[in-house]
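These notes are about the structure you will find just below.
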Amino acid sequence: MLAMNYRGPYRVRVDHKPYPEILHPEDAIVRVTRSCICGSDLHLYHGMVPDTRVGQTFGHEFTGIVEEVGPMVQKLKVGDHVLVPFNIACGKCTFCKQGLFGNCHESNPMATAVGGIFGYSHTAGGYDGGQAEYVRVPYADVGPTVIPPDMDPDDAVLLTDVVPTGYQAAEMGGIKPGDTVVVFGAGPIGIMAARCAWFFGPARVIIIDHVEYRLEFARNYAKCEAYNFKSLEDPVVFLKKTTDWLGADVCIDAVGCEAEGNTMQTFTGRVALLQAGSGTALQWAINSVKKGGIVSIVGVYGPPYNMIPIGNVVNKGITIRANQASVKRLLPRLIEHVQAGRLDPKGLITHRIPLQEISEAYNIFSSKLDNCIKTVLIP
Amino acid sequence: MENTDSKYAHIPGWGMDIDLENEPTYPMKNYTGADHDRLNYERSVQQPETVEILKSNERPTLTAVFGTTSPPSGLSGMIRRWAFTHSEDRYRHWIPMILADRINVVEGIVDDLKRGHIPNYFAEKGIKADWKYNRKGLLTKVLAVAAVTAVVITVFSDKKK
């Protein structure tokens, strides 16, 4: 079968790889119908995540048709068209029982801080991902969800990560009616977080980035205010000023470890690798939120450490909430929003590229060519 | 009082998920008592270990399922095995892993050559996309690399004389 093959930083190709096998009685094999390149895949592509091994297939956002099921799979059947949440969850451990499906304790032996994720390095369990024709899906009765018959497959594939992560970013912000919400990062997740923030009734949603076409897209798609930090002398002062000098009620970090905007953070985090990527967005979030405010983090940071102003967290009494999205928990509500027409996930898609052109697809997304927001790969 | 419904009428679903009772919100400890059962929850059967799996030393056993792609091998594998003798808390776990990743890239090229495949570096970097959408930037980059290469060659050839 054809599958994406990681060869090193900024180098990927499509190769023939063996058809995946059922390795556990609760596995299924899924024939991929859609997969996406996620912004967090770029951290792998750029060589930022430790234990990313040559030969791995990336891809944690995919839908597909069940081709084969293990002997203990009871709910799924061959032929079902499913969307597969990016996190691999057993549904039985202490954490899954609490709805923390992104923190399963039985899917990743290689690290305890993160549960298993499809195609996301060995730090997240060493699974091959969905940027392929076929993929092995463990715990098939837990994560995969049959796509409602009236749902567009393009909407479905974005329900595997982008929509739940964006929604959870807003949810973790504990947004209250009348709040001002600031989202750092106008990538797909940041744009979706800004869009979903409105469900919680804020008065203002502001998005900050430095890529002009993405800011323009965010203004139209998420109906929010959008500012280019390169045109602001100091984004933190700007945000204080525009919030009556108090700070935002909620700040969301939707950037993670490859943030730009602060030379020291960029050098120490992305060039010298003295910290796990650049913490600029999180630094700005902490310093822009009001006293007693909430910082919600969905941006991806690698291990082991980042330099952030933790003293300000203490002195301002800030609440920090963060997690990988608990996709399974959120799906029922999000499917309702999509079916009712309140959310238009497929509106994020700007590029459809055949799997065979994976190298170009990664370069287009990584280099922000051709006004790319979201890429869907068609096997 | 301002009519918020009409103010935000252009945003489908505005305020639909307001839940003032949902505080503190997700993620939060949802105490069920099950936490105190520790690891004694009903566990799925164990996936057989058919390839070498490096396990974090912060847990006693493998998880019930795991990925089997790209098992450790070669020099990078030796480094990874050593890294995994240290906990996730330590730099000596993560920094060697990054070193192993970079060595693994060279091993990947060697493996390609052994199989008679010459990696197409430019195709793997998706240069075609640059040619299509960023031709000026690509040409600037090529010229810059050529200029730096020319300077380096000149300096070294002068030194030899």
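Quick look at the values:
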read-out: Positions within the range B:66-102 being surrounded by fewer than 22 Cβ atoms within 10 Å (Cβ to Cβ), assigned to a loop (DSSP other than H, G, I, E, B) and in contact with a Pro (Cβ under 7 Å, 6 or more places away or on another chain), in sequence order; value: B:Glu88
read-out: Counted residues, the range B:123-133 - those being within 7 Å of chain A (Cβ to nearest Cβ) and either surrounded by fewer than 19 Cβ atoms within 10 Å (Cβ to Cβ) or part of a helix (DSSP H, G or I) (or both); value: 6
read-out: Residue list for the range B:41-84, filter: over 24 Å from B:Val106 (Cβ atoms), of a type in the set (Lys, Arg) and in contact with an Asp or Glu (Cβ under 8 Å, 6 or more places away or on another chain); value: B:Arg43
read-out: Failed criterion for B:Thr68 (all others in (1) within 8 Å of chain A (Cβ to nearest Cβ); (2) in contact with a helix residue (DSSP H, G or I) (Cβ under 8 Å, 6 or more places away or on another chain) hold); value: (2)
read-out: Test result for B:Thr63, within 16 Å of the chain's Cα centre (by Cα), assigned to a loop (DSSP other than H, G, I, E, B) and free of Cβ contacts under 8 Å to residues at least 40 places away in the same chain; value: no
read-out: Residue among A:Ile175, A:Ile189 that alone is at pLDDT 95 or above and either in a helix (DSSP H, G or I) or on the phi > 0 side of the Ramachandran plot (or both); value: A:Ile189
read-out: Any hit, the range B:73-89, residues being under 30 Å from A:Thr319 (Cβ atoms), at the interface with chain A (Cβ under 7 Å from one of its Cβ atoms) and not β-branched (Val, Ile, Thr); value: yes
read-out: Matching residues, the range A:71-120, being of a type outside the set (A, V, I, L, M, F, W, C), part of a loop (DSSP other than H, G, I, E, B) and more than 10 Å from every other protein chain (Cβ to nearest Cβ); value: A:Pro71, A:Gln74, A:Lys75, A:Lys77, A:Gly79, A:Asp80, A:Pro85
read-out: Check on B:Val105, free of Cβ contacts under 8 Å to residues at least 60 places away in the same chain, within 11 Å of chain A (Cβ to nearest Cβ), assigned to a loop (DSSP other than H, G, I, E, B) and in contact with a Pro (Cβ under 9 Å, 6 or more places away or on another chain); value: no
read-out: Scope the range A:259-315; condition of a type in the set (Phe, Trp, Tyr) and either closer than 20 Å to A:Glu233 by Cβ or touching a His at 6+ places or on another chain (Cβ under 8 Å) (or both); matching residues; value: A:Trp284
read-out: Lone qualifier among A:Ile335, A:Ile364, A:Ile353 - being in a helix (DSSP H, G or I), touching a helix residue (DSSP H, G or I) at 6+ places or on another chain (Cβ under 7 Å), among the aliphatic types (A, V, I, L, M) and at pLDDT 95 or above; value: A:Ile364
read-out: Residue list for the range B:43-97, restricted to those being among the aliphatic types (A, V, I, L, M) and within 20 Å of A:Val137 (Cα to Cα); value: B:Val45, B:Val51, B:Ile53, B:Leu62, B:Ala64, B:Val65
read-out: The range B:35-56, residues that are loosely packed, with under 15 Cβ neighbours inside 10 Å, of a type outside the set (D, E, K, R) and more than 25 Å from B:Ser87 (Cβ to Cβ); value: B:Val45, B:Pro48, B:Thr50
read-out: The range A:193-242: number of residues that are surrounded by fewer than 18 Cβ atoms within 10 Å (Cβ to Cβ), closer than 23 Å to B:Lys7 by Cβ and β-branched (Val, Ile, Thr); value: 1
read-out: Residues of the range A:1-46 satisfying the condition of being of a type in the set (A, V, I, L, M, F, W, C) and within 8 Å of another protein chain (Cβ to nearest Cβ); value: A:Val12, A:Leu23
read-out: In the range B:51-65, the residues that are within 30 Å of A:Pro71 (Cα to Cα) and more than 7 Å from chain A (Cβ to nearest Cβ); value: B:Val51, B:Glu52, B:Pro60, B:Thr61
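Results for (1) more than 28 Å from A:Thr52 (Cα to Cα); (2) of a type in the set (Asp, Glu), shown as yes or no for each residue.
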{"site": "A:Glu258", "(1), (2)": "no, yes"}
{"site": "A:Gly261", "(1), (2)": "no, no"}
{"site": "A:Pro304", "(1), (2)": "no, no"}
{"site": "A:His337", "(1), (2)": "yes, no"}
{"site": "A:Gly341", "(1), (2)": "yes, no"}
{"site": "A:Gln356", "(1), (2)": "no, no"}
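The values are calculated or read from the model by the stated rules, or taken from the named source; none is laboratory data. If you're wondering where the values come from, they're calculated on a predicted model, not measured in any experiment. A quick note on method: Cβ atoms are made from the backbone with ideal geometry, for glycine too, and the neighbour counts reach across all protein chains shown.
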